[in-house]
Structure formats: C-alpha cells, structure tokens
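The values are calculated or read from the model by the stated rules, or taken from the named source; none is laboratory data. All values reported here derive from a predicted model rather than from experimental measurement. Cβ atoms come from the backbone with ideal geometry, glycine included; neighbour counts cover every protein chain shown. Only protein heavy atoms, including side chains, enter the accessible area calculation; ligands, DNA and RNA are left aside. Shrake-Rupley method; radii C 1.70, N 1.55, O 1.52, S 1.80 Å.
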Amino acid sequence: AYPPQPYGAAPPGGPAPYGGGAPAPYGGGAPMPGGPFGAPAFVPFGGMPGAYGQPPPQQQQQQYPAYVAPAFGPGPRPMAAPGPMAPSMPPGVHAGGGRKKALIIGISYRGSQNELQGCLNDAKCMQYMLKTRFNFQDAQILMMNEEQRDPTRIPYRNNIIQGMQWLVMDARPGDSLFFHYSGHGGQSRDSSGEEIDGFNETILPLDFKRAGEIVDDDINRILVRPLPQGVTLHAVVDACHSGTVMDLPFVWQGIDFRGQQQWRDERSRTYKGTAGGDAICFSGCDDNQTSADTNALSKTTSTGAMTFAFIQAVESGKATTYVSLMESMRALLKSTKTGGGGGGMPSLGGGLGGLLLGGAFMLLQQGGAGGGGGGLTQIPQISSDKPFDLNRPLIL
C-alpha cells in the first residue's frame, strides 16, 4: 500500500525515468424513462430535470444545481486562435491557483495473446504533453506500465486502485487532476438493473485473468465521488467500450439545430456525482464500439487512435475549447484510412474475444474498430457529472 504523503509529492517509489529521453510528439437492458418511446431522456444544457437517487449521507447537500441555458447562437462559437495550451503559471500550479496531479497508465500485456503495440507510446506521449503543454512536473505524475522497475508502478489491479486513491487524496479547491488509461477495456453483466444496456464497462489490469477487471462502479466510487467543491478531474480513457467507463450521469450528444447543446441523462437511483467538484471524461468510443490500436495515424509506430487524436489536437492548437477538441478528434478518426482487409485491426478490447474468467467477464464483439479501407468507425465521447458549456476553454 502507498504510505500517506503530501499532495503533490513524488508518487510512491520515487521518479522512474524512461531511460530513453523525452518521446517524440505525435505527428510523424431496460431503457430509462423520460425519452420518447422509452428511450433515455436528452437534456438540453440548462434543462436538467430534478435530482436522481439520494446521495450518501455525507453528500446530502450536493444536489445538482439549476442551470440557465446560455445563448449559443446558430452553432459553435468560432475557435480561438492557436496559442499556448496553458496559462503562464508557476510550474505545477493550476490556472485556478491550485495544484496538479496525474495518473497515467499504459498496458501492453506483453507476451500474451492479447498484446497491444501502442499503449506504452500513448502513456509516454501523454506524460510529455502534460509536462510541455500544461506545466505538470515529474513529481506530480504517477506513471504505471510494464517497464517500471518499482513493483508498485506495475499496472496490476491493486496498484491501479491504489494509484486512483493517490490521485484524489487530499484534493483541495483549485486543484486539477488528470487520469489517463490506455489498454484493454470490456464489459461485464450488470446485476443491479442500473445500466441501460445491461452491462458495466470495465478496464483490464495487467493481471486481469487472475485478479479481475475494474468495473465502472468502482472507478466512479474511487475517482468521482470524493471530488470536493473546486476540484476538477479530467480523464482520458482509450479503451474498447469506454463511453461511460466512469459511470458519469450525463453524456454529451452534440449541438442541435437551435444551437442548444444536448446531453443524454443517464442518472440512476444510485448517486454517481461528485462531492461538489467537476468530473469530465473523454472516451475513445461509445459503449458498443471498439477502439483501435494502430499505426494508421502516425504512419511510423502504433498508438491508440483516440490518444493520438487527443494529443494532436492539443499540439496543433485545436483544443482551445471542449467543442473544438471533440470536433478535431472525431474528424481525424473519421478521415483516417485503415487500409483494406475487412476490419482486422487490433482493438483495445475486441481482440480478447469470447468469455473470460468462467463467464463472469464478457466482451461484446463489434467487428473491430476499422473497416476495409474506410475511416475508423469509433466515435470519441465526452461525459460529465453535470451538463456544462463545451464552448468554455480547456485548461488542465
């Protein structure tokens, strides 16, 4: 177990250099009531219906506030001119005056039949981006992958859970937290009746065959529920079936013909919000899709497609707002040629196939993340603990 330590101190085990210098930047079940015909309700930004479920006793006062819909005009606001992706702040200080902290996980499942080629690249390049674009410091970043010498930094199930706990430990108003996962994802049957499609979304630790997957309920309980007022968590999850992997209650659907931002309301009887903070998750694909592990974007090395698109949007100045970031990622993946051959591209979950762990763990096959010669079919998603205006600046 990680010993208690000051927030912002070096992660357990001390710094562990890659040994290869800075990586090169990228570039080379039952439906919910409320909607028509029993479909889940779509909530315009500012039109959120009443609170759902009951928060735990310590969160009884953390009800969803009433939102007033802003006037978006005919469509998304023009994207601001490219510029520095982080304000001029002292190293390691968030624009809100708080501190920064990040947990980055990349799992290749090396030597197994489920091996992935791009996830270590994803983790290293995400760390590089946080340091160069958003002023994160080495002591504020906990990196987990198979290359680590410290056994507490190997992405086993118990280590990942303790890393999540480390990330939110002692969080205070103004702090900015960041979580990145690149690896296999899957689904397991939901017995609670709370999941619309009847499945929980999961991430797969390196030892998932022995220790089990980590389900969205646990991710929400550890990373989302403790967030206090004034703390912001951004998550980037590049895995199959990851659309609602953090179990956040609102999923962005886009902008309608009136310029109104539409959110799908997935609140259940169990409170899945924060203790007052903000939680926002970028996911590689929808719950019923797979995410690609491919060299089709970089042309030289394998990466997770969504991680590549995220970093490239930041590096090219197309991530000044949440809307511009989403538009950039979706456009790039849709236009990426996967080469012919009937969708045989490795995926971050779909390649596992079948039933694992004696049938307790199930992966739905969706035919791969790419099609014969067309663009990637995965569609990045964004979900949140509450609806918000995606035209606001993206600041990590």
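The packing ranking, built from the mean of other Cβ atoms within 10 Å per residue, places the peptides 287-295, 380-388 in the order 287-295, 380-388, highest first. Among the protein heavy atoms of region 160-275, carbon and sulfur supply 48% of the accessible surface, probe 1.4 Å, non-protein parts ignored.
Close amide H contacts of residue 250 (hydrogens built in the peptide plane, cut-off under 5 Å, sequence separation of 5 or more or a different chain): 266, 384. Positive contributions from Lys and Arg (+1) and negative ones from Asp and Glu (-1), summed over other residues with Cβ under 14 Å from the Cβ of residue 382, come out at -4. With K and R counted +1 and D and E -1, the other residues having a Cβ less than 11 Å from that of residue 100 yield a net charge of +2. What region 175-257 shows is 26 Å² of accessible area per residue, with the surface traced by a 1.4 Å probe over protein heavy atoms.
Which whole number in µm²/s is D for region 114-190 by Stokes-Einstein, with the Kirkwood Rh taken over Cα pairs at 25 °C and 0.890 mPa s? If you can, show how the numbers build up before the last one.
Working: Rh = 14.1 Å.
D, rounded to a whole number, is 174 µm²/s.
Hydrodynamic analysis of region 214-341 uses the Kirkwood radius over alpha carbon pairs. Inserted into Stokes-Einstein at 25 °C and 0.890 mPa s, it gives a translational diffusion coefficient of 153 µm²/s. Here region 193-280 has an Rg and Dmax of 14.4, 51 Å, counting Cα atoms alone. Taking a Cβ cut-off of under 14 Å around residue 132, the surrounding Lys, Arg, Asp and Glu residues balance to a net charge of +2, with basic ones at +1 and acidic ones at -1.
Partner lysines whose Cα lies under 30 Å from the Cα of residue 318, excluding those fewer than 8 positions away in the same chain, are identified as 100, 101, 124, 131, 299, 334, 337, 386.
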